[in-house]
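A short write-up of the structure that comes next.
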Amino acid sequence: MLFFLTGDVQIGKTRWLLRLVERLESAGAAVAGVVAPGVWLPSDGPRADDNGFEKVGINNELLPGHGVVPFARREDLARAEGSFDAQSQAAREQLVWHISDDAIDRVNQHFDQLAANASSAGAAARPGLLVVDELGRLELWRGEGLTSAVALLQKGPTASFPHALVVVRDYLVQAADELLADAWPERAMIAPDDAGCRAVLDAVLGNGSSSDAPSAGNGRKL
């Protein structure tokens, strides 16, 4: 099953995903890929949220080892700090977040290694969940960005990764679905809520494994 975790910006998709990963790992499931938590600093400026924090960057947490790659910087800060590269993939696409091509390469190398590990002998000893946070305009409109993540997803269900979860903005879901539909006949769109949690837990751990979560079926199938 391929899950599209979707919704608008700043609704807690990554925080929800981090809690889901922790729960799956605690249950003994293998989880691999990348999660992209924000970098927040205390602030009383105009960009501060209701809790007095301002998002200044994005990290990539590489699973299963949980190593961290500094991934993106807010464009205005990158320009002020001198790290903005006008020739980068992110700059050419005019993204709000500036991502260095070096950071993209490091994350792609991680997915290349996951693909190599998945094809090695004994790789399916702990089948689990492949996570990609997230596929955006670079990947879906330009064929750039996390190309190795896309290539791994396009293999479809494998012995190592019978299930996958992709974070994608709501306006890009159709493009993501068109890209991956042939590889993943079974797909569902979920939100970062109890229903989405139940759907993923039931798929990865087996039906009934999430009995303490509200019953919600398997999300909205596509």
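The values are calculated or read from the model by the stated rules, or taken from the named source; none is laboratory data. Predicted model only: the values in this text are computed from it and were never measured. No Cβ is skipped: glycine too gets one built from the backbone with ideal geometry, and neighbour counts run over all protein chains shown.
Tell me the residue from SER26, SER43 that is among the hydroxyl-bearing types (Ser, Thr, Tyr), surrounded by fewer than 17 Cβ atoms within 10 Å (Cβ to Cβ) and either within 30 Å of LEU201 (Cα to Cα) or within 14 Å of the chain's Cα centre (by Cα) (or both), please. Answer to the selection: SER26. Residue-level check: of (1) without any contact (Cβ under 8 Å) to a residue 12 or more places away in the chain; (2) assigned to a strand (DSSP E or B); (3) more than 27 Å from LYS155 (Cβ to Cβ), GLN94 misses just (2). Which residue is farthest from VAL150 (Cα to Cα), if the candidates are limited to the stretch 86-104 and must be surrounded by fewer than 20 Cβ atoms within 10 Å (Cβ to Cβ) and hydrophobic (A, V, I, L, M, F, W, C)? Across the stretch 86-104, the extreme among qualifying residues is ALA86. Quick check on the stretch 82-89. Is at least one of its residues touching a residue at least 12 places away in the same chain (Cβ under 8 Å) and either in a helix (DSSP H, G or I) or in contact with a Pro (Cβ under 8 Å, 6 or more places away or on another chain) (or both)? Yes; the residues of the stretch 82-89 include at least one that is touching a residue at least 12 places away in the same chain (Cβ under 8 Å) and either in a helix (DSSP H, G or I) or in contact with a Pro (Cβ under 8 Å, 6 or more places away or on another chain) (or both). When the stretch 153-211 is filtered for residues that are in contact (Cβ under 8 Å) with a residue 24 or more places away in the chain and of a type in the set (Lys, Arg), the ones remaining, listed by number, are LYS155, ARG169, ARG187. Within the span defined as the stretch 148-157, one or more residues are out of contact with any Leu (no Cβ under 9 Å at 6 or more places or on another chain), at pLDDT 95 or above and not in a loop (DSSP other than H, G, I, E, B). State all residues of the stretch 1-40 that are assigned to a strand (DSSP E or B), of a type outside the set (S, T, N, Q) and either closer than 22 Å to VAL150 by Cα or touching a helix residue (DSSP H, G or I) at 6+ places or on another chain (Cβ under 8 Å) (or both); if no residue qualifies, say none. Hits for the stretch 1-40 are LEU2, PHE3, PHE4, LEU5, GLY7, ALA30, VAL31, ALA32, GLY33, VAL34, VAL35, GLY38.
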